[in-house]
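S.K.: This is the structure I have questions about; it appears just below.
Coordinate-derived values only; no laboratory data. Since the structure is predicted, the reported quantities are computational estimates derived from the model, not experimental observations. We place every Cβ from the backbone using ideal geometry, glycine too, and count neighbours over all the protein chains shown.
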Amino acid sequence: MMDIDWQIAEAKRAEAALLDALFVAEFYTGKNSALDTFSQLAAIAAETSHIGLINTIATVYNEPYHIARFIASLDHLSKGRAGWNFVTGAGSAAHQFSRDGHPSHADRYAQGDEAVDIIKRLWDSWEDGAILPVPERNLYVNQDRIHQINHTGQFYSVRGPLNLARPPQGHPVILQSGSSETGKEMAAKHGEAVYTAQQTLAAAKEFYIDLKGRLPKYGRSREDLLILPGLAPLVADTEKEALELEHELNRYVDTRKALNALSERFEVNLNDYDLDDPVPIDRAISEDTIDGIRSRHEAVLNPARRGTVTIRQLLYRSNAGHGHISLAGTPLQIADFIEEWFTSDACDGFNLLPQVAPGSTHGFFDKVIPELQNRGLFRTAYEGTTLRESFGLKRPQNRNSPRGAGSVGAAAAASSDSATSRYANANL
Amino acid sequence: MSRHNSTSRKLKLIAFLGWTGHHAGSWRHPSSNPNAGLDIDHHIAEAQEAERALFDAVFIADGDGWKSGTKLEPFTQLSAVAVHTSHIGLINTVGTVYNDPYSLARYFASLDLISGGRAGWNVVTGAHSAAEQFTRGGHPSHADRYEAANEFVEVVKQLWASWDEGAFVADKQRGILIDPARVNEINFRGRHYQVRGPLDLPPSPQGHTVIVQAGSSEPGKELAARTAELVFTAQQTLPAAQEFYRDLKGRLARYGRSRDDLFITPGFAPLIGETEAEARDLEHELNSYVDTRRALDLLSERFTVNLNDYPIDGPVPLDKAKSADDFDNVKSRQDVVLDPARREGFTIRQLLYRANGGHGHVTHTGTPLQIADFIDKWFNSNAVDGFVIEPPLLPQQFRLFVDKVIPELQNRGLFRTAYEGTTLRRNLGLRGTLPLAKAA
């Protein structure tokens with residue numbers, strides 16, 4: 001996780017496989033060990049040319065001005081490949097930031113909503129074409145095209161302008177990951193792609209219809225937001241090999257520690273039960289009393305609710321996908337699964353979570369991607385060089401520019417043949 | 001000039017690059033590219049050139065300013081540069097007031113790991129104008145800023161030290177990725193910051209990021225004596241530089257540190273020509289690109305009057321100058337700008353040209369030999385340990401420095417002919433991690 005050369009090599013493989021983007025998460029807890037995601041993605045940007053670079057940044061512990069600047073800089077540096085996965089932040093981080101406690105779920109989202117709005121306005125504070133420069137007239141920038149935002153809200157006051165020109169994509173692509181009720185409203189309002197945990201086709205369809213249906217409320221159309229559930233595939237040449245590998249990986253996990261983590265969700269100690277007992281679903285606390293990551297709680301528990309799942313089965317599933325779908329199988333089986341979901345109005349693509357890196361991603365790249373291409377489900381060449389072009393998202397108009405003006409260097413809205421191209425992300 | 005053998009003390013040289021150059025008129029010169037600020041390929045190429053010339057480090061300043069919107073954010077820029085270089089240090093300026101110690105410790109630890117131990121943090125407190133971007137009622141006073149900065153640096157250093165050696169185990173057999181017994185909470189509870197720790201990153205090959213300090217006010221010097229390993233400063237004359245050098249090195253003993261634990265490198269903007277006449281012509285040309293009226297408006301902030309109301313070839317109205325105490329922001333720069341005018345009886349035009357060329361740093365115009373003589377003299381007069389080179393025009397003037405001045409400095413035995421190692425700490429000749437005042 002800390003070897004940048006390894007990460008660059010993996011990013012190049014993902015780019016060779018034509019994936020839309022790389023996605024990185026951020027924790028701040030001290031329990032993990034990972035490079036700061038901006039420095040990591042900036043280093044990768046310098047060594048790649050087409051693949052998108054999506055960073056997860058929490059609004060609770062970062063100033064909107066800093067977030068806007070870091071992501072804009074990554075967008076300039078990568079020539080239009082940056083994305084921001086908006087999250088509010090984990091409670092365990094409060095101790096690192098001179099805070100007494102973590103704000104409540106409702107406050108976090110109200111604050112996050114205001115932060116996203118500020119960040120988008122900061123990205124618009126320099127109009128396209130504000131940097132001239134005209135040496136003969138001693139004019140470096142056009143001051144008339146640089147605007148203060150003068151924001152004063154409930155949580156923030158920010159004058160602007162940003163100290164960085166408008167990003168090449170206008171706004172770097174905004175992703176949203178929370179799937180609670182508040183999270184869905186945030187996604188409908190701000191999100192351009194949604195990373196979600198859906199365990200069944202039925203649940204995914206319901207989520208898809210629900211979320212896409214909320215878009216008109218914010219003057220947006222169905223194409224303005226992509227839904228990408230997490231998928232942790234384990235690919236092998238035969239089904240037997242895939243299942244053996246799955247079994248081997250589960251053996252490496254310290255069962256007691258993993259059960260402790262799962263127990264936190266239940267508020268009941270699963271170590272007190274036999275591993276092959278059914279999950280004590282009646283003892284699980286309900287979503288309403290959760291102040292943490294609400295939607296993930298449901299994603300973990302729902303499979304247990306659906307049928308008789310043993311604690312061991314729940315544990316293994318949770319090891320592999322930590323709440324996302326895990327799937328062991330042959331390349332054809334994995335491709336069948338993806339095709340079924342994709343053609344059933346259940347998703348616009350997937351966020352891939354390799355269970356073993358690099359092994360499982362390489363199997364996916366080498367065997368599953370060609371199969372998806374043969375079926376006309378995945379691109380055979382990048383549509384352009386920006387993440388917006390790969391995702392087929394429009395470049396946003398600058399609120400400070402007259403309509404139709406100021407599209408200097410704009411990435412044209414991709415009119416790609418939507419029948420053949422859909423999207424997958426890799427999670428490094 | 002003096003001759004040295006290869007084991008003698010060597011110059012520390014830092015390249016303060018950018019894209020058009022440090023002279024205020026540089027962006028209008030036909031040879032510069034004013035669009036290069038947002039172009040990462042340009043920054044990578046410049047750093048690679050500095051590395052070929054064996055500079056200790058490249059340095060990026062940060063903050064507001066008329067060009068600010070046209071340059072990349074420094075952490076992202078330096079991370080990209082890191083993977084295209086292998087030996088040169090990467091020094092970034094970050095203010096304490098509008099950042100958080102935990103995030104900042106992570107950013108540097110990460111840059112340090114990506115670069116294999118080449119990161120440096122230039123500690124500043126922060127510019128006044130930033131308050132309005134960060135939901136603050138106002139900017140803290142000079143004294144408060146420095147008090148909080150001392151605590152901030154302490155937290156950052158403790159976070160960097162929160163992983164003992166060998167904490168990252170990655171033992172597949174025993175199923176241990178990180179040994180929790182070797183990762184320690186810091187439980188820092190100060191007046192300004194409360195941070196539990198630990199950091200989520202192990203130390204880099206250089207232990208921890210090199211600490212650089214750039215304020216030269218009284219509290220700035222104390223902060224430097226206590227924490228800094230490299231000091232950037234503006235010194236306009238040899239006597240002033242000698243006085244600063246003696247003063248700051250003299251403060252180190254108080255903190256249990258030796259003279260070799262801290263190096264002093266003032267900014268220096270050399271303007272080089274193959275001949276002296278060529279150098280003067282270029283200086284004249286660059287000055288002609290600066291809008292005199294606007295530049296004098298800016299310079300007038302240091303006076304109680306507007307210099308545009310005075311004859312430009314008349315004397316500087318020194319009796320109308322503000323005192324350094326009138327400035328709550330970058331206090332030390334006031335004396336630096338005005339002292340040469342006081343001493344040498346500058347006209348307003350001379351003061352302006354000096355400000356155009358080095359914005360407060362010492363400038364020297366001449367041939368490569370004359371520039372080498374200047375460096376040699378300061379270096380051997382107990383005035384400096386090296387310089388932060390600020391080329392007035394890019395890329396042309398940096399190339400001249402690299403091709404003509406560096407070999408001359410090497411011939412005189414003043415500068416390395418190969419890197420000593422691959423970390424910034426090793427190349428600067430700094431010892432390992434500073435002992436920490438551990439919280440109980």
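S.K.: Which GluC sites (Glu not before Pro) from region B:259-290 combine a DSSP loop assignment with at most 12 other Cβ atoms within 10 Å? Before the final figure, lay out the partial values.
M.R.: Numbers: sites: B:Glu274, B:Glu276, B:Glu278, B:Glu283, B:Glu285; in loops: B:Glu274.
Listed in order of number, the matching sites are B:Glu274.
S.K.: Applying 1/(1 + (r/R0)^6) with R0 = 45 Å to the Cβ-Cβ distance of A:Thr152 and B:Arg293, what FRET efficiency is obtained, to the nearest 0.05?
M.R.: Details: r = 35 Å, r/R0 = 0.79.
With a Förster radius of 45 Å, E is 0.80.
S.K.: Based on the Cβ-Cβ distance of A:Asp3 and A:Glu248, what FRET efficiency does E = 1/(1 + (r/R0)^6) give at R0 = 35 Å, to the nearest 0.05?
M.R.: 0.90
S.K.: Same structure, new question: Choose one answer from B:Pro317, B:Pro30, B:Pro101: the residue with the largest mean-square fluctuation in a GNM of chain B with alpha-carbon springs under 10 Å.
M.R.: Most flexible of the set in this elastic network: B:Pro30.
S.K.: What FRET efficiency do you get for B:Asp41 and B:Arg431 if R0 is 35 Å and r is their Cβ-Cβ distance, rounded to the nearest 0.05? The partial results should precede the final answer.
M.R.: Details: r = 36 Å, r/R0 = 1.04.
Here the calculated transfer efficiency is 0.45.
S.K.: Here's something else I'd like to know. Could you check the spin-label model distance between A:Lys12 and B:Ala181? Points 7 Å from the Cα along Cα→Cβ, value in nm.
M.R.: Here the modelled spin labels are 4.1 nm apart.
S.K.: What Kirkwood radius, in Å to one decimal, follows from the Cα pairs of region B:10-74?
M.R.: Values: mean 1/r = 0.0784 Å⁻¹.
Value: 12.8 Å, from the Cα pair sum.
S.K.: While we're on this one: Would you mind computing, in nm to one decimal, how far apart the modelled labels at B:Gln48 and A:Asp107 are, each placed 7 Å from Cα along Cα→Cβ?
M.R.: Label at B:Gln48, label at A:Asp107, 5.1 nm between them.
S.K.: Further, regarding this structure: Given the rule -39500 (n - 2.57) for each run of at least 4 DSSP H residues, summed and divided by the residues of chain B, what is its mean residue ellipticity at 222 nm, to the nearest 500 deg cm²/dmol?
M.R.: Values: 14 runs with 151 residues, N = 440.
Mean residue ellipticity, 222 nm, calculated: -10500 deg cm²/dmol.
S.K.: What's the exposure ranking of B:Asp261, B:Asp56, going from fewest to most Cβ atoms within 10 Å? List each step's numbers first, then the result.
M.R.: Details: B:Asp261 16, B:Asp56 32.
Lowest count first: B:Asp261, B:Asp56.
S.K.: Which of A:Gly101, A:Ala17, B:Ile60 sits closest to the plus end of the dipole of the protein assembly as shown, meaning its Cα is farthest towards the positive end, when Lys and Arg get +1 and Asp and Glu get -1 on the C-beta?
M.R.: It is B:Ile60, whose Cα lies furthest towards the positive end.
S.K.: Per-residue Cβ counts within 10 Å, from other chains only, averaged over A:128-135: what number is that?
M.R.: On the way: counts 0, 0, 2, 7, 2, 8, 2, 9.
The per-residue average across the peptide is 4.
S.K.: When the Cα centres of region A:239-253 and region A:43-115 are compared, how far apart do they sit, in Å?
M.R.: After rounding, the separation between the Cα centres reads 35 Å.
S.K.: Would you mind giving the mean number of other chain beta-carbons within 10 Å of the Cβ of each residue in B:133-145, as a whole number? Write out the running numbers ahead of the final one.
M.R.: Working: counts 17, 8, 11, 1, 1, 0, 0, 0, 0, 0, 0, 0, 0.
Neighbouring Cβ atoms belonging to other protein chains average 3 per residue here.
S.K.: Moving to a separate point now. Taking chain B as a Gaussian network, Cα atoms linked when under 10 Å apart, which of B:Gln48, B:Gln77, B:Gln173 shows the biggest mean-square fluctuation?
M.R.: Checking each option, the largest mean-square fluctuation is seen for B:Gln173.
S.K.: Given 37 °C and 0.692 mPa s, how large is the Stokes-Einstein diffusion coefficient of region A:76-177 in µm²/s, with Rh as the Kirkwood radius over Cα pairs?
M.R.: Details: Rh = 15.9 Å.
Translational diffusion coefficient: 207 µm²/s.
S.K.: Also: Among A:Thr386, A:Thr152, B:Thr292, rank each residue by its count of other Cβ atoms within 10 Å, from fewest to most, as a rough exposure measure. Mind showing how you got there, number by number?
M.R.: Numbers: A:Thr386 29, A:Thr152 9, B:Thr292 16.
In increasing order of surrounding Cβ atoms, one gets A:Thr152, B:Thr292, A:Thr386.
S.K.: Scaled to the compact-protein estimate 2.2 N^0.38 Å, what is the alpha-carbon radius of gyration of chain B, rounded to two decimal places?
M.R.: Details: Rg = 22.0 Å, N = 440, 2.2 N^0.38 = 22.2 Å.
Here the answer is 0.99, to two decimals.
S.K.: To the nearest Å, what is the center-to-center distance of region A:142-186 and region B:36-107, using C-alpha atoms only?
M.R.: Centre-to-centre (Cα) distance: 24 Å.
S.K.: Check each of the GluC sites (Glu not before Pro) in region B:183-236 and keep only those in coil by DSSP with at most 14 other C-beta atoms within 10 angstrom; list them in order. Don't skip to the end; give the middle numbers.
M.R.: Details: sites: B:Glu185, B:Glu222, B:Glu229; in loops: B:Glu185, B:Glu229.
Those satisfying the criteria are B:Glu185.
S.K.: What residues of region A:139-156 lie in the reach of a label at A:Arg399, counting those whose backbone N is under 13 Å from a point 7 Å from the Cα along Cα→Cβ?
M.R.: Of the residues in region A:139-156, A:147-153 have backbone N under 13 Å from the label point off A:Arg399.
S.K.: Quick one: Karplus J couplings for region A:155-171, per residue in order, coefficients 6.51, -1.76, 1.60, θ = phi - 60°, nearest Hz, x for Gly and Pro?
M.R.: Using θ = phi - 60°, the values come out as 10, 9, 10, 9, 7, x, x, 5, 8, 7, 4, 4, x, x, 7, x, 10 Hz.
S.K.: Can you work out D for the protein assembly as shown in µm² s⁻¹ from Stokes-Einstein, where Rh is the Kirkwood radius over C-alpha pairs, the temperature is 25 °C and the viscosity is 0.890 mPa s? Before the final figure, lay out each step's value.
M.R.: Values: Rh = 29.1 Å.
The estimated diffusion coefficient comes to 84 µm²/s.
S.K.: Shielding by partners for B:98-111, please: the mean number of other protein chain Cβ atoms within 10 Å of each residue's Cβ.
M.R.: Working: counts 3, 2, 7, 3, 8, 8, 0, 2, 9, 5, 2, 4, 10, 6.
That works out to 5 on average.
S.K.: Order B:13-19, B:212-218 from most to least packed using the mean count of other Cβ atoms within 10 Å.
M.R.: Values: B:13-19: 24.1, B:212-218: 22.4.
The densest-packed peptide leads the list: B:13-19, B:212-218.
S.K.: For the pairs A:Lys12/A:Lys367; A:Lys205/A:Lys367; A:Lys12/B:Lys172; A:Lys79/A:Lys120; A:Lys257/B:Lys157; B:Lys10/B:Lys404, note any where the Cα-Cα span goes beyond 20 Å. Intermediate results must be reported in sequence, preceding the final value.
M.R.: Values: A:Lys12/A:Lys367 17 Å; A:Lys205/A:Lys367 27 Å; A:Lys12/B:Lys172 27 Å; A:Lys79/A:Lys120 18 Å; A:Lys257/B:Lys157 32 Å; B:Lys10/B:Lys404 18 Å.
With Cα atoms farther than 20 Å apart: A:Lys205/A:Lys367; A:Lys12/B:Lys172; A:Lys257/B:Lys157.
S.K.: For region A:114-131, just list the computed ³J(HN,Hα) in residue order, Karplus coefficients 6.51, -1.76 and 1.60, θ = phi - 60°, integers in Hz, with x standing in for Gly and Pro.
M.R.: 5, 4, 4, 4, 4, 4, 5, 5, 5, 5, 8, 5, 9, 6, 4, x, 5, 8
S.K.: Using the count of nearby Cβ atoms within 10 Å as a rough guide to exposure, how do A:Asp113, A:Asp124, A:Asp345 rank from fewest to most? Spell out each step's value before the answer.
M.R.: Working: A:Asp113 21, A:Asp124 24, A:Asp345 13.
By the 10 Å Cβ count, ascending, the order reads A:Asp345, A:Asp113, A:Asp124.
S.K.: Next up: For the protein assembly as shown, with the dipole built from +1 on Lys and Arg beta-carbon atoms and -1 on Asp and Glu ones, taken about the Cα centre, which of A:Leu332, B:Leu223, B:Trp19 lies farthest toward the positive end?
M.R.: B:Leu223
S.K.: Scan chain B and hand back the longest stretch that contains none of the trypsin sites (Lys or Arg not before Pro) lying in DSSP loops with at most 10 other Cβ atoms within 10 Å.
M.R.: Longest stretch, sites excluded: B:192-437.
S.K.: If you take every DSSP beta bridge whose two residues both sit in the protein assembly as shown, what share of them, in percent to the nearest 5, is antiparallel?
M.R.: Working: 14 of 83 bridges.
Once the DSSP bridges in the protein assembly as shown are tallied, antiparallel ones form about 15 percent.
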